[in-house]
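Here's the structure we're looking at; comments come further down.
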Amino acid sequence: MLSEPVLTARPEDGRDVPLLVWRADGPLRAVSSAPLGGGIGVRHWVVNATVPMSYDRDDPADHLAELADRLGLDGPGVGLLTGVDVAEVVARTDTGVRIWATVGLGTPVWAAAPAPAAPVQRVGTVNVVAYVPARLGDAALVNAVATATEAKAQAIAELGVPGTGTPTDAVTVLCPVDGPESAYGGPRSTWGAPLARAVHAAVTAGGTGTVVPWSDRPAG
């Protein structure tokens, strides 16, 4: 089982910068596109850390590993970064599937847009963390990422945002390591359907209104 996230902070550049920490009460299977702990494997925790919009470290995985070490997190885990204040995380549940999303749409892009003239520098980011209460096979885990991404894109379209996401979006799906294995994670499957609904609801809620990046807010 994955815990509810705990909001904490770490000191950086004279400010207390927020981050969310999820802990598992045992090993979980996971698939992720995160900088730290990406791919498919067994994971024990998740961190979603706010960073300033000027963030320019070229070693995000090392940075996240440092944060995990400071938090005393043991074993392999998943680390995510975002310019959004993670205190504004949106949680949704559907048929046992739990979703947490931090939604920053300040840099929307179309997935199939022409190559930009220069690299995109701003960190917007929609980060989705999902817990499915049944074991998913490898193919189902990969399919679940696609399902979550489709649901995110649907929500963004319905919000009237000109894009399918941001250049730095990430998805993490976790599930138990034991139990009967579900072979499918598509949007009409037993677990993909509630996953899609919950992601859609969370991104819709998080994307409604104006989200001010954490570093653009007055200190304190």
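The values are calculated or read from the model by the stated rules, or taken from the named source; none is laboratory data. Since the model is a prediction, treat every value here as computed from it, not as a measurement. Positions of Cβ are generated from backbone atoms using ideal geometry, with glycine treated the same way; all protein chains shown enter the neighbour counts. Heavy atoms of the whole protein, side chains included, go into the accessibility calculation; ligands, DNA and RNA do not. Shrake-Rupley method; radii C 1.70, N 1.55, O 1.52, S 1.80 Å.
In table form, for the structure just shown:
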{"read-out": "Candidate set from the stretch 117-126 (those that are within 18 Å of VAL171 (Cβ to Cβ) and in a loop (DSSP other than H, G, I, E, B)); member that is modelled with the highest pLDDT", "value": "THR125"}
{"read-out": "Boolean, THR125 is open to solvent by less than 50 Å² (accessible area, probe 1.4 Å) and either over 29 Å from THR190 (Cβ atoms) or in contact (Cβ under 8 Å) with a residue 24 or more places away in the chain (or both)", "value": "yes"}
{"read-out": "Which numbered condition GLY106 misses (of (1) farther than 27 Å from HIS200 by Cα; (2) open to solvent by 50 Å² or more (accessible area, probe 1.4 Å); (3) modelled with pLDDT under 95)", "value": "(1)"}
{"read-out": "Scan of the stretch 1-38 for residues that are under 14 Å from the mean Cα position of the chain (by Cα) and of a type in the set (Gly, Ala, Ser), ordered by number", "value": "ALA30, SER32, SER33, ALA34, GLY37, GLY38"}
{"read-out": "The one condition in (1) over 22 Å from TRP110 (Cβ atoms); (2) at pLDDT 95 or above; (3) open to solvent by 30 Å² or more (accessible area, probe 1.4 Å); (4) of a type outside the set (Lys, Arg) that THR204 fails to fulfil", "value": "(1)"}
{"read-out": "Failed condition for PRO133, given (1) surrounded by fewer than 21 Cβ atoms within 10 Å (Cβ to Cβ); (2) within 16 Å of THR8 (Cβ to Cβ); (3) of a type outside the set (D, E, K, R)", "value": "(2)"}
{"read-out": "Condition broken by ALA157, with the remaining ones in (1) in a helix (DSSP H, G or I); (2) small (Gly, Ala, Ser); (3) open to solvent by less than 40 Å² (accessible area, probe 1.4 Å) satisfied", "value": "(3)"}
{"read-out": "Output for the stretch 175-211, where each listed residue is closer than 14 Å to VAL142 by Cβ, in contact with a Lys or Arg (Cβ under 7 Å, 6 or more places away or on another chain) and touching a residue at least 60 places away in the same chain (Cβ under 8 Å)", "value": "CYS175"}
{"read-out": "Unique residue being open to solvent by less than 20 Å² (accessible area, probe 1.4 Å) and either in contact with a Cys (Cβ under 6 Å, 6 or more places away or on another chain) or under 25 Å from THR82 (Cα atoms) (or both) when the list is THR164, THR210, THR172, THR168", "value": "THR172"}
{"read-out": "Residue within the stretch 65-82 that is within 23 Å of ALA205 (Cβ to Cβ) and hydroxyl-bearing (Ser, Thr, Tyr) present", "value": "yes"}
{"read-out": "Sole residue being basic (Lys, Arg) and in a helix (DSSP H, G or I), chosen from ARG188, ARG197", "value": "ARG197"}
{"read-out": "Test result for GLU150, among the acidic types (Asp, Glu) and either closer than 12 Å to LEU195 by Cβ or modelled with pLDDT under 95 (or both)", "value": "yes"}
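Here's the yes/no breakdown for (1) assigned to a helix (DSSP H, G or I); (2) of a type outside the set (D, E, K, R); (3) within 20 Å of LEU81 (Cα to Cα); (4) within 14 Å of the chain's Cα centre (by Cα):
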site	(1), (2), (3), (4)
ALA115	no, yes, no, no
VAL128	no, yes, yes, yes
LEU141	yes, yes, no, no
ALA144	yes, yes, no, yes
PRO180	no, yes, no, no
